[in-house]
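Here is the structure we will look at, set down as structure tokens.
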Amino acid sequence: MGRTLASVTQQVQLEEERLQRYRRALPRDDQTLFDQLFAFARKRIAATAMAADPLPMQTLLLSMLIGLFHLLAQMHARLERLEKAAPPANEPRPVLPARLDP
């Protein structure tokens, strides 16, 4: 009998463990970003499994990119909503009085 292949979930965990020394060498803020990237990859674990790649790092990186693009699309949509709600730049904005009298 041959060896059983690790599940995709196990492979993702192994890749994350393999990169722990790299993670620890990063500044604290970057460590948080590193963790978020792997969270993006874990969220898309089913798609990674469907790729049927025995070495999932490429698929993990693609999942991370998709997560980043998803976040970027959310930010873009929010910016568009804010721009629509803001008065046009050529119209003067109302000036509030320094003090409001009752």
Scanning the range 7-25 for residues that are among the polar types (S, T, N, Q) and part of a helix (DSSP H, G or I), the one modelled with the highest pLDDT turns out to be Q20
The one condition T4 fails out of (1) among the polar types (S, T, N, Q); (2) modelled with pLDDT of 90 or more; (3) exposed (fewer than 10 other Cβ atoms within 10 Å of the Cβ) is (2)
Result of the Cβ filter at 7 Å on the range 37-59, keeping first residues that are without any contact (Cβ under 8 Å) to a residue 40 or more places away in the chain and partners that are surrounded by 11 or more Cβ atoms within 10 Å (Cβ to Cβ) and among the acidic types (D, E), at least 6 apart or interchain, is F38/E16; T59/D53
M50 fails exactly one of (1) under 26 Å from L5 (Cα atoms); (2) out of contact with any helix residue (DSSP H, G or I) (no Cβ under 7 Å at 6 or more places or on another chain); (3) at pLDDT 90 or above, namely (3)
Pairs returned, first residue in the range 7-19 that is in contact (Cβ under 8 Å) with a residue 40 or more places away in the chain, second residue that is surrounded by 13 or more Cβ atoms within 10 Å (Cβ to Cβ) and aromatic (F, W, Y), beta-carbon separation under 8 angstrom, 6 or more apart or interchain, are V12/F38
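The values are calculated or read from the model by the stated rules, or taken from the named source; none is laboratory data. Values in this document were obtained by computation on a predicted structure and should not be read as measured data. Don't worry about glycine lacking a Cβ; one is built from the backbone with ideal geometry, like all the others, and counts go over all protein chains shown.
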